[in-house]
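This report concerns only the one structure given below.
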Amino acid sequence: MNHLLSIIRLESVSSTNEFAQKYAIRHPDEGDFVVVANEQSHGKGQRGNTWFSEKDKNLCFSLVKQNIVYPADELFLVNMIVSLALFDTVSVLLSPLKIKWPNDLYFGYKKIAGILVENSIRGRRISQSIIGIGINVNQDVFPDDLPRAGSILTESQKVQDRERILQLFISNFERYFLKKIKFDILKQHYMKNLLGYQCVLSYKDARGLFDGRIVDIEADGRLCLLDKQDVIRKYLFKEVELIH
Ligand code: BTN
């Protein structure tokens, strides 16, 4: 599991994504690197939410990837690579898992991990990605207002070595990146593990609740759902929510 990424280890930080962004600006020659912290005081989640993670129990880290050669119109590629690398990593310890579009990791009804990718675009290329990952590893109790949150420990009753998971994720991620897998091939693998693919489930959009079936994902990540009237509805992130 040898990799060349340098790892910055912090005891406590506001958010590893924010730290990584500032560090990358101050150290333009650093290349790719990882920042991992035992505690975040202001961990950032999707949709402007806060990411709550108990000190010393879980994994909170950001991987900075520079000079990504994928074109910006295939923006979702980075997202799929990260989701699949995370899926492969956690599946070794807990299975079966599902990826919830665009990039949450679920075991049954419990969310085990979340991803926050912040891309910088230069021209038509993704120039830098800050890939923030939170994996609930050894936390055994979650606040009452997070009924969907679970950890590898709560779902498998086994305590895990956080460093081993970090190393495994980095090597899985590099493997996906180095292979330069084509969008369509990655998409097949992603869809196979996607929660709700080809199953009728309940969704909510700006017009209200409806039943739909995921039939496709477009290059920009748009989710394509077939509704009961056989109409394909397409959504960008935050425009639709799975009700489960
Ligand atoms: C989500 O809402 O599902 C995304 C959660 C992402 C959390 C991680 S923890 C490490 C990194 N730093 C942050 O501030 N957020 C991400």
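The values are calculated or read from the model by the stated rules, or taken from the named source; none is laboratory data. As the structure is a prediction and not an experimental result, all values here were calculated from the model. We place every Cβ from the backbone using ideal geometry, glycine too, and count neighbours over all the protein chains shown.
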Selection status of Gln46, surrounded by fewer than 17 Cβ atoms within 10 Å (Cβ to Cβ), near the ligand (Cβ under 9 Å from one of its atoms) and within 19 Å of Phe169 (Cβ to Cβ): yes
Among (1) touching a strand residue (DSSP E or B) at 6+ places or on another chain (Cβ under 8 Å); (2) in a loop (DSSP other than H, G, I, E, B); (3) within 27 Å of Phe183 (Cβ to Cβ), the one test that Lys65 misses: (2)
Cβ-Cβ under 9 Å pairs, at least 6 apart or on other chains, region 184-195 side part of a helix (DSSP H, G or I), far side surrounded by fewer than 17 Cβ atoms within 10 Å (Cβ to Cβ) and aliphatic (A, V, I, L, M): Lys187/Ala219
Count of region 140-158 residues which are loosely packed, with under 13 Cβ neighbours inside 10 Å and among the β-branched types (Val, Ile, Thr): 1
Unmet criterion (only one of (1) within 16 Å of the ligand (Cβ to nearest atom); (2) modelled with pLDDT of 95 or more; (3) of a type outside the set (Ser, Thr, Tyr)) for Pro96: (1)
Which listed residue is closer than 30 Å to Ile8 by Cα, part of a loop (DSSP other than H, G, I, E, B) and in contact (Cβ under 8 Å) with a residue 40 or more places away in the chain, from Gln139, Gln128, Gln167: Gln139
Residue that is nearest to Arg164 (Cα to Cα), among those in region 1-36 that are under 17 Å from the mean Cα position of the chain (by Cα) and within 9 Å of the ligand (Cβ to nearest atom): Val36
Verdict on Leu86 being more than 9 Å from the ligand (Cβ to nearest atom), within 25 Å of Glu11 (Cα to Cα), of a type outside the set (Lys, Arg) and in contact with a helix residue (DSSP H, G or I) (Cβ under 7 Å, 6 or more places away or on another chain): yes
